[in-house]
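Enquirer: Please find one structure pasted underneath; my questions will follow.
The values are calculated or read from the model by the stated rules, or taken from the named source; none is laboratory data. Small disclaimer: the values here were computed from a predicted structure and weren't measured. We place every Cβ from the backbone using ideal geometry, glycine too, and count neighbours over all the protein chains shown.
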Amino acid sequence: MSIFGDIMSAIFGRSAKAETPAAGTQGPATPAGSPAAPPSAATPSAPSAPAAAPAAPVDVAAVLDALAKKNKQKLNWRKSIVDLMKLLDLDSSQTARKKLAEELHYSGDTKDSAKMNVWLHKQVMIKLAANGGKVPADLKD
């Protein structure tokens with residue numbers, strides 16, 4: 001899998017998993033009230049939840065802010081591609097960032113890591129938005 005694919009999976013996958021347990025929790029609560037009708041209702045709800053998750057945009061900032069609150073390190077994911085990757089438990093080494101730059105078609109000098117990192121962060125935010133993520137406008141500019 002690509003590095004950008006890993007970033008997307010880490011952000012979109014975690015939010016999808018968070019929605020699934022909520023749907024499962026609601027399903028058992030209903031069967032306690034009336035056992036015969038709820039199983040039918042719970043079965044259609046399970047397929048609807050995964051279908052609805054891709055259609056609804058994932059709030060990227062909310063997902064990452066929630067992860068940042070749980071993280072012991074103070075990571076500035078809003079400005080730093082390195083911190084963003086660390087927050088997602090991905091390899092943030094220069095080699096990994098160069099590979100990400102290649103995936104995203106960076107045409108600048110990869111030896112100028114500061115410039116490349118700024119470009120990478122912006123491009124990742126733009127690509128997340130293009131793939132169903134709700135990204136604050138200031139992170140795409």
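Enquirer: Those residues that are modelled with pLDDT of 95 or more and in a helix (DSSP H, G or I), I need them from the stretch 70-87; list them, please.
Expert: Within the stretch 70-87, Ile81, Val82, Asp83, Leu84, Met85, Lys86, Leu87 meet the criteria.
Enquirer: Okay, moving on. Could you tell me which numbered condition Pro54 fails, if it satisfies all but one of (1) modelled with pLDDT of 90 or more; (2) closer than 14 Å to Ile11 by Cβ?
Expert: (1)
Enquirer: Restricting attention to the stretch 86-128, which residues are touching a residue at least 60 places away in the same chain (Cβ under 8 Å) and among the aliphatic types (A, V, I, L, M)?
Expert: Result: Leu88, Leu90, Ala96, Leu100, Leu104, Val124, Met125, Leu128.
Listed here are the residues, each with its yes/no results for (1) touching a helix residue (DSSP H, G or I) at 6+ places or on another chain (Cβ under 8 Å); (2) basic (Lys, Arg).
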{"position": "Pro57", "(1), (2)": "no, no"}
{"position": "Lys69", "(1), (2)": "no, yes"}
{"position": "Leu75", "(1), (2)": "yes, no"}
{"position": "Ser80", "(1), (2)": "yes, no"}
{"position": "Leu90", "(1), (2)": "yes, no"}
{"position": "Glu102", "(1), (2)": "no, no"}
{"position": "His105", "(1), (2)": "no, no"}
{"position": "Thr110", "(1), (2)": "yes, no"}
{"position": "Val124", "(1), (2)": "yes, no"}
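Enquirer: State which residue is nearest to Ser2 (Cα to Cα) when the search covers only the stretch 54-112 and only residues that are surrounded by fewer than 13 Cβ atoms within 10 Å (Cβ to Cβ) and of a type in the set (S, T, N, Q).
Expert: Of everything passing the filter in the stretch 54-112, Thr95 is nearest to Ser2 (Cα to Cα).
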